[in-house]
Amino acid sequence: MPGEADSFCAAATRTAYRRNVILTNDSDLLVHDLGFQGDVVFLNQTELRVEGGNGKHLGGCGTIIVNSFSMHSIAQRVGFTDITRLAFEVRNHPSTTLHAAIQRTTEPVSDATAFEDFLHEYQEVSSGSSRPLHSAPQETPVLGYQKEHYLDPRISELVIQVASDTTVIPPRIYLPVLIEDPIRTSAWTISTDHRTFAYSCLRFYGSIKSDLKSVHEVFRKGDRIGVTPIDTLNESETVAYASLLLRKIHETRAICGNDISPYGFWRFYAVSQVWTPDMSEEARLSMLKGSEKAICWTWRDVQLDACVQAVLYSLRIVRQILQYLNSMDASLPAPLIELDEVMRTLPPLKVMMTTRLETLERGEEEKW
C-alpha cells in the first residue's frame, strides 16, 4: 500500500462487519475513525500471564492480557462526537492538562487552516474519498486470494508497488526482524542472491519488464534501520540463476535422499548455505532440526541461526512470487516453471520456524 499504513488499517477496520483490533505502538491510530467495532491495543502494554504458580510454562503459552481502547466509547464518556478536535488541541499545546484541552474544544478553533491540515492527515482514506485503497491493477491480490494462492503481507505490498503505475520508484520491501549478533553484518546478506532472483522474476509479468530496475530492502539491525538497494537481474541472468538454483536443490536432494520429509530437506538446504567449519556440533544439530533447546550458544551460533531463518524466508519469497506469476498466466521460461514446481514442497513458515515450545510439544523426530 502506498504511504502510511494507518489510514488503510483504519479504513479496513471501519468497514469490517465484525469487531477488529489493531495492534500497534502508534498512538495516532486513536485519532482515526475506526468505526464502532474498532479497537486499538498497544503492543508495549500487552502482558503474557504464564499458567501455573511457579512461573514456568505448563505445556501452553498462557494468557495474553491487553488494554483495549475504543475511541467511540471514550468520546462518549467525555461528551465528544469527534475526538480529532481534542487531539488537535493536545498536539498544539503538549504541556497542557487534559482538562484544559477539553475546555479549549468548547471554544472556536484558533487556527482554522492548521486544523484543516491536521484533519487531512486522518482522512486520507475516508469512506467518501475518491482515492482507492490501492492503485494497483484490479487483478493484483492485496493480502488475499488469487487462484488458491495467498501472498504474505510483505510480498503482497511489493507486488502492489511494482504493478502500480502511480507508486514511488523504486519499490520497497520490509524484511522481518531477526534475532542476530548486533556487531556482525546483517544475517539477510547471506541470502541476498535468492531475493534478488525473486525480485527479478517480477519482470516477466506484463509491463513490469523494463520498469523494475531495483528494489529497496528495509530491515532493522539493532537500533538502526537500514535501507539497501538491490539491483534486479536482466531476463537472461534471471533464467541462468533459476538453472543454478535448480542445480543446487537437486544436489541437496541427492545428498538427503528421497525419504527425508519436506521440512527436513529444506531445513538441510538452508543450513548448508551457512554451514561453517567452526560451527559447534550442538548448534549444527539444533539448527538442522529447528529446535531451540536450552544449549549454551555463542553469539556466532546465534548469528548462524539467524542466517538460516533469512535463507528460509528468502526461499519463501521466491516460492510465492513464482506462484503468483503462474497464477497470473505470465509467460515464464522453462527453468522458472520447473523451479516453481520444485518449490511447491516448501512448507509454510509456521512449520519451518517453530518456537521451542511448539517443537517440544510436537516432537522433533516427527518433522524429520
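The rows are residues; the columns are (1) touching a residue at least 12 places away in the same chain (Cβ under 8 Å); (2) outside any helix (DSSP H, G or I); (3) within 20 Å of residue 64 (Cβ to Cβ); (4) of a type in the set (Ser, Thr, Tyr).
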| site | (1), (2), (3), (4) |
| --- | --- |
| 8 | yes, no, no, no |
| 11 | yes, no, no, no |
| 17 | no, yes, no, yes |
| 22 | yes, yes, yes, no |
| 29 | yes, no, yes, no |
| 32 | yes, yes, no, no |
| 35 | yes, yes, no, no |
| 41 | yes, yes, yes, no |
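Among the residues making up segment 96-123, those that are of a type in the set (D, E, K, R), at pLDDT 85 or above and within 38 Å of the chain's Cα centre (by Cα) are 116, 117.
Out of 173, 183, report the one residue that is of a type in the set (Val, Ile, Thr) and modelled with pLDDT under 90. I'd like the intermediate steps shown before the answer.
Details: 173 fails: modelled with pLDDT under 90.
The conditions single out 183.
Name the single residue, out of those in segment 209-236 being in a loop (DSSP other than H, G, I, E, B) and polar (S, T, N, Q), that is nearest to residue 177 (Cα to Cα). So that I can check it myself, show each step before the final result.
Taking segment 209-236 as the starting set, the residues that turn out to be in a loop (DSSP other than H, G, I, E, B) are 209-213, 222-223, 232-234.
From what's left, polar (S, T, N, Q): 210, 232, 234.
Values: 210: 31, 232: 23, 234: 29 Å.
Selected residue: 232.
Which one is surrounded by the most Cβ atoms within 10 Å (Cβ to Cβ) among residues in segment 69-84 that are assigned to a helix (DSSP H, G or I) and touching a residue at least 24 places away in the same chain (Cβ under 8 Å)?
We begin by selecting, within segment 69-84, every residue assigned to a helix (DSSP H, G or I); these are 71-78, 84.
This time we only want the ones that are touching a residue at least 24 places away in the same chain (Cβ under 8 Å), so: 71-72, 78, 84.
Numbers: 71: 23, 72: 17, 78: 11, 84: 20.
Here the residue is 71.
For segment 237-274, filtering for residues that are open to solvent by 30 Å² or more (accessible area, probe 1.4 Å), among the polar types (S, T, N, Q) and not in a helix (DSSP H, G or I) leaves 1.
When residue 51 is tested against (1) at pLDDT 80 or above; (2) open to solvent by 70 Å² or more (accessible area, probe 1.4 Å); (3) in a loop (DSSP other than H, G, I, E, B), exactly one condition is not met: (1).
The values are calculated or read from the model by the stated rules, or taken from the named source; none is laboratory data. Keep in mind that what you see is a predicted model, and the values were worked out from it rather than measured. We place every Cβ from the backbone using ideal geometry, glycine too, and count neighbours over all the protein chains shown. The accessibility values were calculated without ligands, DNA or RNA, using every heavy atom of the protein model including side chains. Shrake-Rupley method; radii C 1.70, N 1.55, O 1.52, S 1.80 Å.
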